[in-house]
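**Q** Submitted below is the structure of interest, expressed as structure tokens.
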Amino acid sequence: MNKIQLRKGRERSVLKGHPWVFSGAVEGGEAAAGELVEVCDSKGEKIALGWYSPASQIRVRIVPDAPVADLVANAVARRGDFFVNCYTNAVRLVNAESDLLPGVVADYYAGHVVCQFTSAGADARKAEIADALMKFAPGCLGVSERLDVDSRAKEGLKTEPAFAHITGAEPPEFVEIAEGEVKFLVDVRKGHKTGFYLDQRDARSTVGSLANGAEMLNCFSYTGGFGLFARACGAASVTQVDISADALALAKKNEALQHYCGTTMEYVEADVFQFLRKCRDEGRRFDFIVLDPPKFAATKGQLMKAARGYKDINLLAMKLLKPYGTLASFSCSGAMDAEFFRTVLAEAAEDAHRSFQIVARTHAGADHPVSLAFPEGEYLKGYVMRAVQ
Ligand code: SAH
């Protein structure tokens, strides 16, 4: 096995359980893309195994000394509770580094598993991983993958075609899933990520539980998630706003899947920044506003610009809330931690001349675990806040 030797002192983070070895930490040694290598300290002693990525800044990703199929079986077994409850049939089975499978994401939609392989090591082992998912994921019908991910380009991996089938049955055009009472169609070929924002499952139910009777504005609605939960929980009206006509078309199809209820639904194809200003100018107000924007900061370097973007939309939304109105505000920028995001929200509130109390904090669900030794794995945070007056 090829050896990758680390510079003096750089073994420390590996010994603490951090899964990444950056190119700057490597003293010497080479291997092919995706090859299993021995990671050695500066004296040449083996300290771990890893997958080699010659094209990436993250040169080696640490893996356990175990067959890949066992790691997949363990990740599925840790989610046993999802397969005995009846709340949902859509769950993340493998959450990459935090499940000891670096660069492997596997999302299960009613039996159809859709993966992303974003490290050279994961890409080289996709057939083995797919076979293990077929074998160990309860009721697995087939496995496919999405290649249109930025992080694949950073690894020197191809990003086309966007979707490829790997094994078992091919998924239908739309896979129907359920979260509690609410049903969704998932476009696994063209939808965002692997098709759906599974990471917001807990937040959707938190928002629903607070939306009874509300006139809600759901910004960045995608296929309708938060708005359909609010509808199911008795919101008076829901306005779904997204810039993507495709996302809104699917949101409408999703509405048609639900039980009848009296909630008034409105769909607006618009830029949220402009739409919030328009509401301000028209004097339109809401009881409940959801802000779940795409990632504004991909790197630490973009943090200050991202902070201005978050402050801008939150300030506008805070001004549009009726007395005692609720704002559910999310950030999925990994570069911005929860405390910094809270500071941005506090500044927005100050400029809006309103006071807020936090009524809930949300995180990605239990199927998106974060390794204690890998803070980079935590990206999604949410604050649900009520205006004090
Ligand atoms: N809340 C959703 C996920 C939101 S993803 C859920 O729970 O499923 C972010 C969404 O923001 C995408 O649908 C994207 O089309 C939309 N978007 C990105 N920039 C936008 C903008 N400037 N104005 C409106 N929508 C935007």
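**Q** Please identify every one of the chymotrypsin sites (Phe, Trp or Tyr not before Pro) in the range 288-389 that sits in a loop by DSSP and has no more than 14 other beta carbons within 10 Å of its own beta carbon. Mind dumping the intermediate values first?
**A** Working: sites: PHE288, PHE296, TYR310, TYR324, PHE330, PHE340, PHE341, PHE356, TYR379, TYR383; in loops: PHE296, TYR379.
Qualifying residues, ordered by number: none.
**Q** Hydropathy at least 0.0 by Kyte-Doolittle, axial extent at least 18 angstrom from the Cα trace: which helices of the chain, defined as entire DSSP H runs, fit?
**A** Numbers: long enough: 245-257 (19 Å, 0.16); 303-320 (26 Å, 0.22); 338-352 (21 Å, 0.23).
The qualifying helices are 245-257, 303-320, 338-352.
**Q** What does the charge count around TRP20 come to, taking other residues whose C-beta lies under 14 Å from its C-beta (Lys +1, Arg +1, Asp -1, Glu -1)? Could you put the intermediate results ahead of the total?
**A** Working: positive: ARG10, ARG12, LYS16, ARG59, ARG61, LYS154; negative: GLU11, GLU97, GLU155, GLU376.
Result for the neighbourhood of TRP20: +2.
**Q** Can you pull out the trypsin sites (Lys or Arg not before Pro) in the range 158-191 whose DSSP state is coil and whose Cβ has at most 12 other Cβ atoms within 10 Å?
**A** On the way: sites: LYS158, LYS183, ARG189, LYS190; in loops: LYS158, ARG189, LYS190.
Here the sparse-neighbourhood loop sites are LYS158.
**Q** Separate question: Taking a cut-off of 23 Å, what percent of all Cα-Cα pairs in the range 20-151 are separated by more than that?
**A** Details: 3032 of 8646 pairs.
For the range 20-151, the share of Cα pairs beyond 23 Å comes to 35 percent.
**Q** Could you give the nm distance between label points at THR343 and PHE22, where each point is 7 Å from its Cα heading toward the beta carbon?
**A** 2.1
**Q** Mind jotting down the three principal axis lengths of the range 251-318 based on Cα atoms? Whole angstrom, largest first.
**A** 47, 29, 19
**Q** Go through the range 84-191 and name the GluC sites (Glu not before Pro) that are in a DSSP coil and have 11 or fewer other Cβ atoms within 10 Å of their Cβ.
**A** Numbers: sites: GLU97, GLU128, GLU145, GLU155, GLU173, GLU176, GLU179, GLU181; in loops: GLU155, GLU173, GLU181.
Passing both the DSSP loop test and the Cβ count: GLU173.
**Q** Any idea of ASP70's accessible area? Nearest 10 Å², probe 1.4 Å.
**A** For ASP70, solvent-accessible area is about 70 Å².
**Q** Continuing with the same structure: In vacuum, with every alpha carbon of the chain counted as one equal point scatterer, what does the Debye formula give for log10 I(q)/I(0) at q = 0.10 Å⁻¹? Two decimals, please.
**A** -0.69
**Q** Sorted from largest down, give the three principal axis spans of the alpha carbons of the range 197-387, whole angstrom values.
**A** Ordered largest first, the range 197-387 gives principal extents of 47, 38, 30 Å.
**Q** Another one. What number does the range 3-63 give for Rg over Rh if you use C-alpha atoms and the Kirkwood radius? Before the final figure, lay out the partial values.
**A** Details: Rg = 9.8 Å, Rh = 10.9 Å.
For the range 3-63, the value is 0.90.
**Q** Using a Cα distance threshold of under 28 Å, what count of lysine pairs results for the range 197-387 when pairs must be 8 or more residues apart or interchain?
**A** Taking the Cα cut-off of 28 Å, the pair count is 26.
**Q** Beta carbons within 10 angstrom, averaged per residue: use that to sort the peptides 113-126, 365-378, highest first. Working shown, then result.
**A** On the way: 113-126: 24.6, 365-378: 16.6.
By packing density, highest mean first, the sequence is 113-126, 365-378.
**Q** Please tell me which of these pairs span more than 22 angstrom C-alpha to C-alpha: LYS3/LYS158; LYS16/LYS158; LYS3/LYS135; LYS126/LYS193?
**A** Numbers: LYS3/LYS158 27 Å; LYS16/LYS158 33 Å; LYS3/LYS135 33 Å; LYS126/LYS193 18 Å.
Violating the 22 Å Cα-Cα cut-off are LYS3/LYS158; LYS16/LYS158; LYS3/LYS135.
**Q** Report Rg/Rh for the range 63-212, rounded to two decimals, where Rg is the Cα radius of gyration and Rh the Kirkwood radius. Intermediate values should be presented prior to the final figure.
**A** Working: Rg = 15.1 Å, Rh = 15.7 Å.
On the Cα set of the range 63-212, Rg over Rh gives 0.96.
**Q** If the chain between LYS322 and ARG277 were fully stretched, how many nm would it gain, using 0.36 nm times the residue separation less the Cα-Cα distance?
**A** Numbers: separation 45, 0.36 × 45 = 16.20 nm, distance 1.58 nm.
My answer for the length gained is 14.6 nm.
**Q** Percent relative contact order of the chain, based on C-alpha pairs within less than 8 angstrom and at least six residues apart?
**A** Details: 865 pairs, mean separation 43.0, N = 389.
It rounds to 11 percent for the chain.
**Q** Could you calculate the contour length gain from ASP312 to ALA249, that is, 0.36 nm times the residue separation minus the distance between their Cα atoms, to one decimal place in nm?
**A** Computed gain between ASP312 and ALA249 is 19.9 nm.
**Q** Using alpha carbons only, how many angstrom separate the centre of the range 129-178 from the centre of the range 268-331?
**A** Here the two parts' Cα centres lie 33 Å apart.
**Q** With a 1.4 Å probe and all protein chains kept in place, how do ILE243, ILE166 rank by accessible area, largest first?
**A** Final ranking, largest accessible area leading: ILE243, ILE166.
**Q** Report the net charge of residues surrounding ALA306, where surrounding means a beta-carbon distance below 13 angstrom and charges are Lys +1, Arg +1, Asp -1, Glu -1. Each step should come with its number before you reach the end.
**A** Working: positive: LYS295, LYS300, LYS305, ARG308, LYS311; negative: ASP312, ASP337.
Taking every other residue near ALA306 into account, the sum is +3.
The values are calculated or read from the model by the stated rules, or taken from the named source; none is laboratory data. Every value quoted in this text rests on a predicted model; they were computed, and no experiment measured them. Glycine also receives a Cβ, built like all others from the backbone with ideal geometry; neighbour counts cover every protein chain displayed. Ligands, DNA and RNA are stripped out before the accessible areas are found, and what is left, the full protein with its side chains, is counted by its heavy atoms. Shrake-Rupley method; radii C 1.70, N 1.55, O 1.52, S 1.80 Å.
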